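Asker: Attaching a single structure in structure tokens format; questions to follow.
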Amino acid sequence: MLTNNDITNAAHLINVEPAAVKAVLEVETGNKGGFISNTDKPVILFEGHIFWKQLKQRNIDPSKYANISMYKDIVYPKWTKTFYKTGMDEWNRLNKAISINKEAALESASWGLAQIMGFNYKMCDCKSVEEFVEKMKSSELEQLKLFLMFIS
């Protein structure tokens, strides 16, 4: 769990008031933390419209999955919050997407305290989306560090 000192130190590193860092975390996760309660899983939100784009970038036809009922909640061409869940239900959606293409799936979720999209892993100074995810899984402090890398 992050301390006020962690947030203050982070704010000073990027030359903003601690309230600015707190505001981002409030908007993105409601200050509920970077992990799902009573689990070791980071908070995520899986974006099916991003997954659609990520599959296309890999020359995978997303429409062949969109027409299969078990995938309708993870592969769709336009943004909608219709399929959003919470907690472990989002991880269930992610795991379904991983069964189609792991890298595209991981890049199609927003992760942790600041809900950074997986496709932004390079902006967080990670060599791969897998490295980014492993760091997101390690601690809230690491999630905060990734956020600092992302915005700086």
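The values are calculated or read from the model by the stated rules, or taken from the named source; none is laboratory data. All values derive from a computational prediction rather than experimental measurement. Virtual Cβ from ideal backbone geometry, glycine too; neighbours counted across all protein chains shown. We work out accessible area using only protein heavy atoms, side chains counted, and drop any ligands, DNA or RNA first. Shrake-Rupley method; radii C 1.70, N 1.55, O 1.52, S 1.80 Å.
Asker: Which trypsin sites (Lys or Arg not before Pro) from the stretch 20-76 combine a DSSP loop assignment with at most 14 other Cβ atoms within 10 Å? Working shown, then result.
Answerer: Numbers: sites: Lys22, Lys32, Lys53, Lys56, Arg58, Lys64, Lys72; in loops: Lys32, Arg58, Lys72.
Hits after loop and neighbour filter: Lys32, Arg58, Lys72.
Asker: Classify the stretch 15-62 as rounded, prolate or oblate from the Cα gyration tensor: take a ≥ b ≥ c as the square roots of its eigenvalues, call it rounded if a/c is under 1.5, otherwise prolate when a/b beats b/c and oblate if not.
Answerer: oblate
Asker: Pull up all non-local amide H partners of Met117: gap of 5 or more, or a different chain, and H-to-H distance under 5 Å with H placed in the peptide plane.
Answerer: Excluding prolines and chain starts, which carry no amide H, the hits are Trp111.
Asker: Roughly how many debye, to the nearest 20, is the charge dipole of the chain about its Cα centre, given +1 on each Lys and Arg Cβ, -1 on each Asp and Glu Cβ, and no other charges?
Answerer: 620 debye
Asker: Given a Förster distance of 35 angstrom, what is the FRET efficiency for Asp125 paired with Asp89, based on the Cβ-Cβ distance and rounded to 0.05?
Answerer: Details: r = 31 Å, r/R0 = 0.87.
With R0 = 35 Å, the Cβ-Cβ based efficiency is 0.70.
Asker: Take the Cα atoms of the stretch 1-86, build their convex hull, and give its volume per residue in Å³.
Answerer: Considering the Cα atoms of the stretch 1-86, their hull volume per residue is 144 Å³.
Asker: Please determine, in degrees from 0 to 90 and to the nearest 10, the orientation of helix 88-98 with respect to the longest principal axis defined by the Cα atoms of the chain, where the helix direction is its Cα long axis.
Answerer: In the chain, helix 88-98 runs at an angle near 50 degrees to the longest axis.
Asker: Among Ile36, Gly87, Ile60, which residue has its Cα furthest toward the positive end of the charge dipole of the stretch 18-106, with +1 on Lys/Arg Cβ and -1 on Asp/Glu Cβ?
Answerer: Ranked along the dipole, the leading option is Ile60.
Asker: Which whole-number percent gives the relative contact order of the chain, counting Cα pairs below 8 Å spaced six or more residues apart?
Answerer: 26 percent
Asker: Please go through the residue pairs Lys22/Lys56; Lys64/Lys85; Lys64/Lys145; Lys32/Lys64; Lys64/Lys135; Lys41/Lys81 and name each one whose alpha carbons sit more than 31 Å apart in this structure.
Answerer: Lys22/Lys56; Lys64/Lys145; Lys32/Lys64; Lys64/Lys135
Asker: Next question. Please give the charge dipole size of the stretch 2-63, origin at the Cα centre, charges +1 on K and R Cβ atoms and -1 on D and E Cβ atoms. Round to the nearest 20 debye.
Answerer: Dipole about the Cα centre, nearest 20: 240 debye.
Asker: How large, in percent, is the carbon and sulfur part of the accessible surface of the chain at a probe radius of 1.4 Å? Working shown, then result.
Answerer: Working: 4280 of 8260 Å².
Answer for the chain: carbon and sulfur cover 52 percent of the accessible area.
Asker: With a 1.4 Å probe and all protein chains left in place, how much accessible area per residue does the chain have, in Å²?
Answerer: Averaged over the residues of the chain, the accessible area is 54 Å².
Asker: Something else now. Restricting things to Cα coordinates, could you compute the convex hull volume per residue of the chain in Å³?
Answerer: Value for the chain: 104 Å³ per residue.
Asker: Give the average over all directions of the projected area of the C-alpha convex hull of the stretch 66-152, one decimal, in nm².
Answerer: Approximately 5.9 nm², given one-decimal rounding.
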